[in-house]
Each structure stands twice: as structure tokens, then as C-alpha cells.
Amino acid sequence: MKMLTTQLAGVLQRIAGGQEEAIEDTARLLAQAAAGEGRVLVHGTREMRGAVLNVLEGAEPLAGAAALTEDERPGTMDRVWLFARHAGEEDVLRLARTLAENGTAFAVVADVPASAENELSELADVYVATGITKGLLPDDTGNRVVLPYLFAALFVAEAVKLSYDEMLMDL
């Protein structure tokens with residue numbers, strides 16, 4: 001238990017230290033739609049739907065946010081927030097390509113750092129890396145276990161919400 005707590009605290013500290021500017025930029029990007037005539041649309045894949053559920057229906061939902069459905073056609077005034085376990089997920093990349101082609105600004109939360117080889121980070125207007133690329137703890141067979149993708153995404157979502165709410169209060 002102590003090892004897990006230490007490792008999870010390290011994940012959060014790395015995100016807070018290395019992604020602070022991207023978190024603030026995500027809040028700013030989303031606030032543009034909320035303060036204007038656009039919509040804030042949120043989408044997640046796999047277990048990252050849990051982050052979307054928290055953003056939309058948690059105890060303190062993100063004001064003005066709605067789920068991005070398959071029927072939605074976000075416009076240039078809208079902002080989209082994507083949550084993905086892996087930056088290389090084909091369904092997320094397909095959606096990101098469509099958003100970029102349509103001129104819809106979007107932010108992403110995914111695993112690996114932004115780079116020229118990371119197409120998702122190149123397509124996104126803002127990209128937050130959780131840094132979850134391998135398990136946190138070794139098991140008895142030498143494998144690494146505990147992949148807290150959702151845990152990290154929830155932390156990012158709460159950090160974005162704090163800045164977002166502050167920005168909207170200043171309007």
C-alpha cells in the first residue's frame with residue numbers, strides 16, 4: 001500500500017510540475033467557448049469515459065460542458081476536450097483529424113509526452129501528457145502492474161476545472 005501511495009503521489013507531482021502550462025492552456029481554450037457562442041464538448045475512450053462522466057455529472061461538473069456524441073458536428077466556435085488512454089488510439093486519432101480539418105479547436109489528455117512523432121499532440125491545440133507509459137509497481141513475475149490512466153486524467157480534469165472556473169468568474 002505504501003509503495004502504491006508513493007508512486008501515485010509521484011504521478012500527480014510530475015503532472016503538476018511538468019504540465020501546469022498545458023493545464024492552464026486547456027482551461028483557457030475551453031473557457032473561450034463557454035464565454036462566447038460556442039459549446040464545450042467532452043469525449044473519452046475506454047476507461048477514460050470515467051473522466052468524461054466526472055466532468056459532466058460529478059459533484060462539481062464543468063459549467064456549460066456536454067458530451068460529444070457521434071451525431072455532433074462541432075463548429076469553429078466550439079471547443080472539444082478529448083481523453084484517451086493512449087495517444088496512438090486510432091479512433092481518437094480519427095476524431096482528432098476530423099476536428100483539425102473542420103477548424104475546431106481541441107485539447108487532449110493522453111499518456112505520452114508531446115513530440116513530432118506523437119500525431120495526436122501535433123493535431124491538438126493543447127496537449128496534456130499524463131506520463132503513464134508503464135505500470136507503477138513490479139509484480140512477482142517481473143511485470144509492471146497498476147496503470148492509473150483514469151486516476152491521472154481525473155487529476156488533470158480537476159486542475160483544469162479550477163482554472164476554468166476562475167477564468168469564467170473574471171468575466
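Can you find even one residue in segment 93-114 that is at positive phi and basic (Lys, Arg)?
No - not one qualifying residue is present in segment 93-114.
Take the residues of segment 100-120 that are small (Gly, Ala, Ser), crowded, with 18+ Cβ neighbours inside 10 Å and more than 12 Å from the chain's Cα centre (by Cα): which is nearest to Arg14 (Cα to Cα)? Please lay out each step first, then the result.
Quick first cut of segment 100-120, residues small (Gly, Ala, Ser) only: 100, 103, 105, 107, 110, 114-116.
Add one more test, that the residue is crowded, with 18+ Cβ neighbours inside 10 Å, and what stays is 105, 107, 110, 114.
Still in the running and more than 12 Å from the chain's Cα centre (by Cα): 105, 114.
Values: Ala105: 26, Ala114: 15 Å.
Out of the qualifying residues, it is Ala114.
Checking the structure you have, find out if any residue of segment 118-131 is at pLDDT below 95 and on the phi < 0 side of the Ramachandran plot. I'd like the intermediate steps shown before the answer.
From segment 118-131, those at pLDDT below 95 are none; that's our starting set.
The answer is no, given that none of the residues of segment 118-131 is at pLDDT below 95 and on the phi < 0 side of the Ramachandran plot.
For Gly131, state whether it is surrounded by fewer than 22 Cβ atoms within 10 Å (Cβ to Cβ), touching a helix residue (DSSP H, G or I) at 6+ places or on another chain (Cβ under 8 Å), of a type outside the set (Ser, Thr, Tyr) and part of a loop (DSSP other than H, G, I, E, B). Reasoning before the result, please.
Working: surrounded by fewer than 22 Cβ atoms within 10 Å (Cβ to Cβ): yes; touching a helix residue (DSSP H, G or I) at 6+ places or on another chain (Cβ under 8 Å): yes; of a type outside the set (Ser, Thr, Tyr): yes; part of a loop (DSSP other than H, G, I, E, B): yes.
Here the answer is yes, as Gly131 does meet what is asked.
Could you pull out the residue among Leu123, Leu68, Leu93, Leu53 that is surrounded by 13 or more Cβ atoms within 10 Å (Cβ to Cβ) and either under 30 Å from Leu4 (Cα atoms) or free of Cβ contacts under 8 Å to residues at least 12 places away in the same chain (or both)?
Numbers: Leu123 fails: either under 30 Å from Leu4 (Cα atoms) or free of Cβ contacts under 8 Å to residues at least 12 places away in the same chain (or both); Leu68 fails: either under 30 Å from Leu4 (Cα atoms) or free of Cβ contacts under 8 Å to residues at least 12 places away in the same chain (or both); Leu93 fails: either under 30 Å from Leu4 (Cα atoms) or free of Cβ contacts under 8 Å to residues at least 12 places away in the same chain (or both).
After ruling out the rest, the residue left standing is Leu53.
Take the residues in segment 13-46 that are among the aliphatic types (A, V, I, L, M) and surrounded by fewer than 16 Cβ atoms within 10 Å (Cβ to Cβ); name whichever of them is farthest from Leu137 (Cα to Cα).
Checking each candidate, the answer is Ala35.
Select from segment 101-122 the residues that are in a helix (DSSP H, G or I) and out of contact with any Phe, Trp or Tyr (no Cβ under 8 Å at 6 or more places or on another chain) and write down the one among them that is nearest to Asp25 (Cα to Cα). Write out each step before concluding.
Initially, segment 101-122 is screened for residues in a helix (DSSP H, G or I), giving 101-102, 119-122.
Now drop any that are not out of contact with any Phe, Trp or Tyr (no Cβ under 8 Å at 6 or more places or on another chain), which leaves 101-102, 119, 122.
Values: Glu101: 21, Asn102: 21, Glu119: 19, Glu122: 15 Å.
Among residues in segment 101-122 that are in a helix (DSSP H, G or I) and out of contact with any Phe, Trp or Tyr (no Cβ under 8 Å at 6 or more places or on another chain), the one nearest to Asp25 (Cα to Cα) is Glu122.
Condition first: exposed (fewer than 15 other Cβ atoms within 10 Å of the Cβ) and hydrophobic (A, V, I, L, M, F, W, C). Now tell me which residues in segment 155-171 satisfy that.
Listed by number, the residues that qualify are Leu162, Met169, Leu171.
I'd like to check which strands (runs of 3 or more DSSP E) are fully inside segment 1-85 and have at least 1 residues that are within 19 Å of Asp125 (Cα to Cα) and under 13 Å from the mean Cα position of the chain (by Cα).
Numbers: elements: 40-44, 65-67, 79-83.
Qualifying strands (runs of 3 or more DSSP E): 40-44, 79-83.
The values are calculated or read from the model by the stated rules, or taken from the named source; none is laboratory data. Keep in mind that this is a model prediction, so the values were computed, not measured. All Cβ positions, glycine included, derive from the backbone under ideal geometry; neighbour counts span all protein chains shown.
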